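Read through the structure below, which is laid out as structure tokens, and then see the notes.
None of the figures in this text is laboratory data; all of them are computed from the coordinates on show. Note that the structure is a prediction, hence the values are computed from the model and not measured. All Cβ positions, even for glycine, are placed from backbone atoms using ideal geometry, and neighbour counts span all protein chains on display.
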Amino acid sequence: MNQRQRARSDVLKAVRSGALIRPDLCSSCGLTGRIMGHHHDYSKPLDVEWVCPPCHGLRHRGPRKPKFWQFTKEFRAAMLASQVSISGLAAKVGMSREQITHIASGGNSPRIDHALRIAKVLRVKVESLWVEAA
């Protein structure tokens with residue numbers, strides 16, 4: 001077992017035993033839903049930052065520059081204001097949680113209908129959520 005695997009295992013054991021408490025909110029953006037522990041240093045296995053999948057992806061790979069459409073910062077604000085989780089949004093717009101997570105983490109989506117459905121659920125103008133990437 002390598003250091004990364006050992007750190008993940010230690011966190012899971014600590015959460016199950018109650019030594020660590022997994023919060024309901026992302027410590028970075030405040031979204032609810034699936035929250036995971038991010039290690040900045042695997043030699044400190046119980047020192048984790050609790051983040052959502054989009055924020056976790058940003059920690060590992062940094063922001064992406066998509067080819068088609070990308071979410072603006074207003075997306076997270078709209079998500080927080082509507083109190084909809086990523087899973088809840090996915091269900092309401094007929095997309096998978098993985099698709100929403102991919103798009104929310106800066107992944108591209110060539111389909112404008114995705115943007116329109118998401119904006120309708122969040123009750124905002126589509127222009128406030130999306131910008132066309134160069």
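Using a Förster distance of 35 Å, how high is the FRET efficiency between Q5 and K120, based on the Cβ-Cβ distance and rounded to 0.05?
Details: r = 42 Å, r/R0 = 1.20.
Once the sixth-power term is evaluated, E becomes 0.25.
What ranking do 2-9, 47-54, 77-84 get when scored by the average of other Cβ atoms within 10 Å per residue, highest first? Could the numbers behind the result be given before it?
Details: 2-9: 12.9, 47-54: 20.2, 77-84: 16.9.
Answer by packing, highest mean first, reads 47-54, 77-84, 2-9.
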Two pseudo-spin positions, 7 Å from Cα along C-beta at D47 and at S17, lie apart in nanometres by 1.9 nm
One point scatterer per Cα, no solvent, Debye formula: log10 I(q)/I(0) for the stretch 3-61 at q = 0.15, 0.16, 0.25 Å⁻¹ comes out as -0.40, -0.46, -1.05
